[in-house]
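Undergrad: Supplied in structure tokens, the structure appears directly below.
The values are calculated or read from the model by the stated rules, or taken from the named source; none is laboratory data. What you see is a predicted model; the values in this text were computed from it and never measured. For neighbour counting, all protein chains shown are included, and Cβ atoms are generated from backbone atoms with ideal geometry for every residue, glycine included.
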Amino acid sequence: MQNALLAALVLAAAVPLVAAPTKDKTPEPYTSFQTGSPYRPGIDIRTDAVIVYSDNAERIQSWRDKGYFIQTMYGFRTGPDYIKDHADEGQTDKAGTILTCGPGSYYMVPTPSRIKAAVQYFTNAINAGAQAICPEEPEFFQQAGYSESFKKAWQEYYKEPWRDPASSIEARWKSERLKAHMEYTMVKSIMDAAEKQKPDVRRMVACHSAVSYYYWGIIYPHYQCMMIPNLQEIIGQVWTGTARSACRYEGEMEERTFEVGYLEYSSLANLVRGTSKKMWFLMDPLEDNPDRTMEDYHSNYEKTLIASLLFPDVDAYEVMPWPDRIYGRVPDEFATEIGSIINALQDMHNCKSVKYDMGTRGIATFVADSMGWQRGEPHASNYDCFWGLTLPLVYKGIPVEVAQLERVVEKDYLKPYKVLLLSYDIMKPTKPEINQAIADWVRAGGGLVLFGGDDAYNALPEWWTKAGFRSPGDDLVRRIGVRDLGYLAAATTPQQFKAGKGWLIRAPSSSLFVSKPGAGAALCETAALACRKAGLKYTEHPRLGIRRGDYVAMRTFGEPKHLTGCYVDILDPKLSVVTDPTIEADRCALYKDVSGQMTGAPKLLYSSCKVEKKVETARSTKLKLSGPLNTKGVARIYTGGKSISSVEPAEAKVEISGDTLLIAFDNKPESVSLTLTYGQ
């Protein structure tokens, strides 16, 4: 078997060497960014950690010398020098083409030699002083599966000749399941080797969401990898480039960055909810496509930002990848706004109080690893089934959650929910215990809506067919205690069945709910029915908003929202203080409530820079603020109505507005000292 060889390779590669010393106690990092560069003042954005995309000792040390916690990243792709001698290891499609992520960046099959190279890379990085290791984007594409290395892996794993993945649903299922297993093996091998080499090194993985990967036809086993015991942290890679993927709603294929981003972040938050695993959320002020307008980048960045903040269980953030492509390209005001946003993200772990401003909570749907196993020929599942379960509710301000199907067997995982929306047309339960857990939940008082049932992958020779059922949905219905209802793909109205203390509602394919204008209303009506049966009040809402501590994050839909009090507008580069602001319809907003600070002696209200030191008296305000070189820093200060006697340095610019002032200056990573002296 391949695993025995992998174990030998891992042990051989992970030769225990003396790692660079670390401090006895490292502060918990909550913010990070990603770069392949050695330290440069122009990208020193003053986060807690930096993800160094290199195992080079000098590059790692250059950042460590500046006080950063070092996370080291490694990608699952390789360049032309390797591929020219190992073409059989490239992910290859039916036409014999090796898949790439742009010129010269080749997607690889996770063969033993690739695993050995990855383990050696992280061995080098740990010895160079890395405090965390983070393989990223362990991706296997559904159109791949034709390389000689994959055919060999098939024969070793299944003990049978390779089959064309597109030749049958069984071949497709087995192909994608093997790809998932190979990705899992590589991630686990890296974690095991790192732990063996240095037990206190933090072990992370960075991956896109299940929503994004499976929509794009990329296989990665989120649940299986999350369950690796020595994997401690996950970076959920959501940004404009994933969230803007056009999807169908009201019959139209359009970009819906906030809505898709919300669903992506939800799936990642619920992947780890209730475990000891730490989730980080990524966002990006720009994106990989260099040809968008700055207005496009800016708007979509704010949409993903607000979507990410709606999940208070997550308080760690990769605030950006590749600052090298951001600073010097974005306008000065945009760069200043980015700094203000980073400070808000840095503060989120201190914000323990939470208040929601949204519609009915307690409704969930699912993703599963098996979602990625039925996305290719000969019968690719219709992803509109997922959008149909989610988008109509999100647009009505209902925060439908995206839970992880495999975790329903865990005690209390379903406890936050009163209503479940489930379609096995786009995924399959990989073991009967999943169905039994859902059935038990229904009979205990939950409301389950089971959609569709007419899917080609029902015919797989899996556990449900071996048990004599036409589909896993039929098995679930029987476990709930309702007679076999057969397929309802042609049904036009939901059918209700009492089951213990709960209810089962059967409904047609969820793809119908995004198929044409007005179709989403039927899903909302069905969800409302399920809520009534489960004793949950169904309420639509014109926004999705949250208050975390003093921060208010919100996306409005069809109506404006009026706030009461005094707030700093964090998305305004001038950090304006606004009283009783109105958030217009179809907007994103991020405010900090400073109502309680607009009294007494002068004080700092907010800054776009990291506050290194602050001394405030009735006569003066003294600040040490730091930020990346060649950017503009600002600070909004409450003056208490006092006049300004002097400002140092003299070149700093001051704008007075009522009882506050804005001071603007040139950032420096080693900090800028500001002193404001007040008159009587």
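Undergrad: If you go through the stretch 149-173, how many residues are among the charged types (D, E, K, R), surrounded by fewer than 20 Cβ atoms within 10 Å (Cβ to Cβ) and either in a helix (DSSP H, G or I) or not assigned by TED's automatic domain parsing to the domain that holds K116 (or both)?
TA: 4
Undergrad: Any residue at all in the stretch 634-655 that's touching a residue at least 12 places away in the same chain (Cβ under 8 Å), within 24 Å of A49 (Cβ to Cβ), outside the structural domain of W63 (by TED's automatic domain parsing) and not in a strand (DSSP E or B)?
TA: No: zero hits.
Undergrad: Looking at the stretch 157-169, I want the residues that are under 19 Å from S370 (Cα atoms) and have a partner that is surrounded by 16 or more Cβ atoms within 10 Å (Cβ to Cβ) and aromatic (F, W, Y) with Cβ atoms under 6 Å, at least 6 apart or on another chain. Which pairs are those?
TA: Close Cβ pairs (under 6 Å, with a partner that is surrounded by 16 or more Cβ atoms within 10 Å (Cβ to Cβ) and aromatic (F, W, Y)) amount to I169/Y457.
Undergrad: Of all residues being of a type outside the set (S, T, Y) and modelled with pLDDT under 95 in the stretch 620-643, which is surrounded by the fewest Cβ atoms within 10 Å (Cβ to Cβ)? Just the residue, please.
TA: G641
Undergrad: Does the stretch 267-289 contain at least one residue that is without any contact (Cβ under 8 Å) to a residue 40 or more places away in the chain and not polar (S, T, N, Q)?
TA: No, the stretch 267-289 contains no residue that is without any contact (Cβ under 8 Å) to a residue 40 or more places away in the chain and not polar (S, T, N, Q).
Here is a yes/no grid of residues against (1) free of Cβ contacts under 8 Å to residues at least 12 places away in the same chain; (2) in contact with a helix residue (DSSP H, G or I) (Cβ under 8 Å, 6 or more places away or on another chain); (3) assigned by TED's automatic domain parsing to the domain that holds D569; (4) not basic (K, R):
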residue: E302; (1), (2), (3), (4): no, no, no, yes
residue: P321; (1), (2), (3), (4): no, no, no, yes
residue: R325; (1), (2), (3), (4): no, no, no, no
residue: P331; (1), (2), (3), (4): no, yes, no, yes
residue: L345; (1), (2), (3), (4): no, no, no, yes
residue: Q374; (1), (2), (3), (4): no, yes, no, yes
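Undergrad: Additional query: Just one of (1) buried (at least 20 other Cβ atoms within 10 Å of the Cβ); (2) in a loop (DSSP other than H, G, I, E, B) trips up G545, so point out which.
TA: Looking at each condition in turn, G545 falls short on (2).
Undergrad: It is to be established whether one or more residues within the stretch 480-496 are modelled with pLDDT of 95 or more, part of a helix (DSSP H, G or I) and either closer than 29 Å to E252 by Cα or among the aliphatic types (A, V, I, L, M) (or both).
TA: Checking the stretch 480-496: at least one residue is modelled with pLDDT of 95 or more, part of a helix (DSSP H, G or I) and either closer than 29 Å to E252 by Cα or among the aliphatic types (A, V, I, L, M) (or both).
Undergrad: Another question, then. Just checking, does the stretch 250-258 include any residue being buried (at least 21 other Cβ atoms within 10 Å of the Cβ) and in a helix (DSSP H, G or I)?
TA: Yes, because at least one residue in the stretch 250-258 is buried (at least 21 other Cβ atoms within 10 Å of the Cβ) and in a helix (DSSP H, G or I).
Undergrad: All but one of (1) assigned to a helix (DSSP H, G or I); (2) closer than 26 Å to Y317 by Cβ; (3) touching a Ser or Thr at 6+ places or on another chain (Cβ under 6 Å) hold for R407; state the number of the condition that does not hold.
TA: So R407 meets the others, but not (3).
Undergrad: Does L405 fit the bill of being under 20 Å from the mean Cα position of the chain (by Cα) and under 26 Å from K501 (Cα atoms)?
TA: So L405 fits the description; yes.
Undergrad: If you take the residues in the stretch 182-199 that are out of contact with any helix residue (DSSP H, G or I) (no Cβ under 7 Å at 6 or more places or on another chain) and touching a residue at least 40 places away in the same chain (Cβ under 8 Å), which one is surrounded by the fewest Cβ atoms within 10 Å (Cβ to Cβ)?
TA: So the residue we want is K196.
Undergrad: Next question. Might you check whether a residue that is in contact with a strand residue (DSSP E or B) (Cβ under 6 Å, 6 or more places away or on another chain) and either closer than 24 Å to E183 by Cβ or outside the structural domain of F141 (by TED's automatic domain parsing) (or both) occurs anywhere in the stretch 57-71?
TA: Looking for residues that are in contact with a strand residue (DSSP E or B) (Cβ under 6 Å, 6 or more places away or on another chain) and either closer than 24 Å to E183 by Cβ or outside the structural domain of F141 (by TED's automatic domain parsing) (or both), one finds at least one in the stretch 57-71, hence yes.
Undergrad: Listed residues S509, S515; which is more than 27 Å from D357 (Cα to Cα) and buried (at least 20 other Cβ atoms within 10 Å of the Cβ)?
TA: Testing whether each residue is more than 27 Å from D357 (Cα to Cα) and buried (at least 20 other Cβ atoms within 10 Å of the Cβ) leaves just S509.
Undergrad: Continuing with the same structure: Which residues, taken from the stretch 182-204, are among the hydrophobic types (A, V, I, L, M, F, W, C) and under 20 Å from W280 (Cβ atoms)?
TA: Scanning the stretch 182-204 gives V187, I190, M191, A194, V201, M204.
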